[in-house]
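What follows draws every value from the coordinates through simple rules; no lab data is involved. Remember, it's a predicted structure, so these values are computed and weren't measured experimentally. Positions of Cβ are backbone-derived with ideal geometry, glycine not excepted, and every protein chain shown enters the neighbour counts.
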Amino acid sequence: MNTRVVIVGGGTAGWLTAGIIAAKHCSVESSGNPSIQQTEVVLVESPDVKNLGVGEGTWPTMRDTLRQIGISERTFLACCDASFKQASKFVGWLDGGHEHYYHPFMPPAGYGSVSMAQHWSATPKDLDFERWVSAQGTICEQNLAPKTPQMPEYAFALNYGYHLNAGKFVKMLHTHCVEKLGVQYIQGHVEHVLPAENGDISEIVLASGQHVAGNLFIDCSGFTAILIGKHYQVPFQSKQHILFNDTALALQVDHASEDVPIASCTVATAQKSGWIWDISLQSRRGIGHVFSSDFTDVEQAEEALFNYVQNDPNLASGQLTARKIKFTPGHRATFWHQNCVAIGVSAGFVEPLEATALVLIEKSAEWISEQLPRDRNAMTVLAKRFNQLTSQRWQEIIDFLKLHYVLTNRKDSEYWLAHQQAESIPQSLQEALALWHSQAPGVYETNQRFELFSSASKQYVLYGMGFHTAQEQSEQVRQKETSIVKRFRNETTHTTEKLLNVLPSNRQFLSGLNKV
Ligand SMILES: Cc1cc2nc3c(=O)[nH]c(=O)nc-3n(C[C@H](O)[C@H](O)[C@H](O)COP(=O)(O)OP(=O)(O)OC[C@H]3O[C@@H](n4cnc5c(N)ncnc54)[C@H](O)[C@@H]3O)c2cc1C
């Protein structure tokens, strides 16, 4: 059976999904040969509904995605005003002051062979956990790049993702998908759906009257959720009782000059009723305040945001006008229904903490591309599996994001107090926390091959937030591992010193690229 995949929506979700599927299935050589199964990818985008235009922090997974789609890193960095992201830095989450911790992309030294976290817990604290086991926070403090210009594209000294201009990213993907991967683009607003007898979508009908037929329909229509929500009425499950944030104010502010540092991490600074994100691109910063409207109002949130910007000498001064984005945190009850699967915001969205949205788009599109159903029976089985996996992933995301809030000592606002209330903490997270009191999260934490957050990530957040794991190892185990721990400690110190000497600043690396 030939497969015609119709994607509705031309935001980041739509174009990433189109690129990932087309790069694998739409080979130029096979087109025109009737004996070879053909896959066509069609993307329909409304001229009337703007895409979100935010979503500027990625995971390291984006390097593989770009490589698979066939985009050179140099082109990407130049086209998307992009820079390197090596970590998230959390400021004020524990006590509401200037204290901070890092969640870097490199796992702790010795990860998988020895639990450095368990040993750190038993050690007098001369260094915080992240510095004890990793060079990356120190490198981020100096705004250094994760690689040298001599290294090949996508290779690294320290694992990294990107900060990017979302509008430019969508444009680059659009051009690449259409010109290089054979994705067919139709501009048109989907008005309604023509169902088949079995309840599948047979065709979508555009405002122009044009009908677009397909076998598999991917709903990437953002908050509109035209297929999964409007047509199929798949229920939306709010998670606002766990993650309270429901409003964002977004700004784009120029650097004060062409030589101010470009940060190598996303900075997330806690506020009274939410937090401010700060993402450094080559030419500007993306800064925004995400907060809960149950605990504050837009005026106060805007004031906190403007103060943040105006107190930073590395930002250009000028009139500030924030864009307001309202959302209900949560996700669909199911994601694949009949022959329609939702990817991106149409499937769900819960605040931008830890940048979980783009990675879930990449992972979902990759899964579908790898297992593209070749007949209708296969689709039923695959849909069931996809729903199970995606539900698990959402639970994982929600637990992990909530973890950032529950360990706070902050008592300065109702918002932070409410986050510590047991009734707002999922049972699964409460159980994990109880376990982590006696043993550090380790590689046996989950048995999911497709987990999003490794136990390394959990360790960084837990110990960054001052969590205490009792030292329960036997004396024999501790003694046996002492020399291994020493070795990894020495390695971390040595690597940190070496990298501080060889890595260029983010700014130097990126301006060097533009000169060639
Ligand atoms: C404040 C904020 C900050 C964020 N930060 C991050 C981050 O740092 N990292 C991260 O990973 N994610 C982040 N996200 C999430 C990220 O922005 C989204 O996951 C990403 O932009 C994907 O959006 P989308 O493509 O699903 O939807 P959209 O960008 O909204 O695209 C929807 C598309 O559907 C089309 N459409 C709508 N209705 C119709 C119709 N009837 N017919 C045809 N086409 C239609 C529109 O024209 C548009 O092209 C953030 C989100 C918010 C709100």
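Annotations
- Label reach from Thr328 (point 7 Å along Cα→C-beta): in region 266-308, no amide nitrogen lies under 13 Å.
- Taking the Cα centre of the chain as reference, the dipole from Cβ charges on Lys and Arg (+1) and Asp and Glu (-1) amounts to some 920 debye.
- Near-label residues of region 113-148 by backbone N, under 17 Å of a point 7 Å along Cα→Cβ of Val477: 113-123
- Highest to lowest packing among 297-309, 398-410, scored as the average C-beta count within 10 Å: 398-410, 297-309
- Calculated P(r) tail over 27 Å for region 338-479, as whole % of Cα pairs: 35 percent
- Shape class of region 35-74 from the alpha-carbon gyration tensor: oblate, with a/c at 1.5 or above and b/c at least as large as a/b.
- Each of the peptides 110-117, 80-87 was scored by the mean count of other Cβ atoms within 10 Å over its residues; in descending order, highest first, they stand as 80-87, 110-117.
- Neighbour net charge for Asn165 - beta-carbon separation under 10 angstrom, K R +1, D E -1: +1
- For region 418-426, backbone phi angles converted through the Karplus equation (6.51, -1.76, 1.60; θ = phi - 60°) give residue-by-residue couplings of 5, 5, 8, 5, 4, 5, 8, 9, x Hz, Gly and Pro being listed as x.
- Relative packing of peptides 130-140, 11-21 - highest average C-beta neighbours within 10 Å first: 11-21, 130-140
- Cα gyration tensor of region 161-204 - equivalent ellipsoid semi-axes, whole Å, descending: 31, 13, 11
- Once the Cβ-Cβ distance of Val49 and Thr148 is raised to the sixth power relative to R0 = 51 Å, the FRET efficiency obtained is 0.75.
- Computed over the Cα atoms of region 53-175, pair by distinct pair, the Kirkwood hydrodynamic radius stands at 16.3 angstrom.
- Viscosity 1.306 mPa s, 10 °C: Kirkwood-radius Stokes-Einstein D of region 178-229 over Cα pairs, µm²/s: 131 µm²/s
- Where the Cα pairs of region 153-239 fall when distances are cut into 5 Å bins, in %: 3, 10, 15, 17, 17, 15, 10, 6, 5, 2, 1, 0
- Other-chain or far-sequence residues with amide H under 5 Å of Cys265's (modelled H): Gln86
- Around Ser83: net Lys/Arg minus Asp/Glu count, Cβ-Cβ under 13 Å: +2
- Hydrodynamic radius of the chain per Kirkwood, over alpha carbon pairs, in Å: 24.2 Å
- Among the DSSP helices (H) of the chain, those spanning at least 27 angstrom by Cα along their long axis with an average Kyte-Doolittle hydropathy of -0.5 or more are 376-406; this is a geometric and hydropathy rule only.
- Ala213-Thr321 FRET efficiency (beta carbon distance; Förster radius 56 Å; 0.05 resolution): 0.80
- Expected 222 nm ellipticity per residue - DSSP helices of 4 or more, -39500 (n - 2.57), all of the chain, to 500: -11000 deg cm²/dmol
- HN-Hα J in Hz across region 146-155 - Karplus 6.51, -1.76, 1.60, θ = phi - 60°, x for Gly and Pro: x, 7, 9, x, 6, 6, x, 4, 6, 7
- Spacing of the two label points (7 Å from each Cα toward its C-beta) at Ile484 and Arg385, in nm: 3.4 nm
- Rounded to 5, the percent of DSSP beta bridges in the chain classed as antiparallel: 70 percent
- The alpha carbon gyration tensor of region 452-511 gives principal lengths a ≥ b ≥ c with a/c of 1.5 or higher and a/b no greater than b/c, which makes the shape oblate.
- Neighbour net charge for Ser424 - beta-carbon separation under 15 angstrom, K R +1, D E -1: -3
- The amide H of Glu203, built 1.01 Å from its N in the peptide plane, has Leu194 as neighbours under 5 Å, considering only residues 5 or more places off or on other chains.
- Region 1-123 - percent relative contact order, Cα under 8 Å, separation 6 or more: 20 percent
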